[in-house]
Amino acid sequence: MSDYSELVWRAQQTFIQEVCFVRDALTAPHVLYKPSLYQDGDQWCALFGGCLADGVAGFGDTPEKAMEAFDNAWRTQTANAALLRAKDGDVDA
């Protein structure tokens, strides 16, 4: 592989990695479903749904950490049920 073709190959790989990063950022649950974000004591809470019992929530020391925790909760909890309740009007999204 020549120096030029290796440079092109590396640039393509970097571009692909950046595209994947942007795709992941734009399809994160907190971006798609826009949970409410508020301070709860010394923690931040990202909540999708009307209350903790019916919704999906994430907590963190910063808004960013709360959103990360929300994304993890969305992927591991019964997020589909919360989304369906919100669409049916049973829960305020």
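Summary table below
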item	result
Accessible surface, per residue, of segment 1-47 when the full set of protein chains is kept, probe 1.4 Å, Å²	80
Charge dipole (segment 1-40, unit charges on Cβ, about Cα centre) - positive-most of ALA25, PRO35, SER2	PRO35
Three semi-axes of the equivalent ellipsoid, segment 1-80, Cα gyration tensor, whole Å, largest first	38, 13, 8
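The values are calculated or read from the model by the stated rules, or taken from the named source; none is laboratory data. Since we're looking at a predicted model, the values are computed, not measured. Note that each Cβ is placed from the backbone with ideal geometry, even for glycine, and that neighbours are counted across all protein chains shown. To get the accessible areas, we keep the full protein, side chains included, count just its heavy atoms, and leave off ligands, DNA and RNA. Shrake-Rupley method; radii C 1.70, N 1.55, O 1.52, S 1.80 Å.
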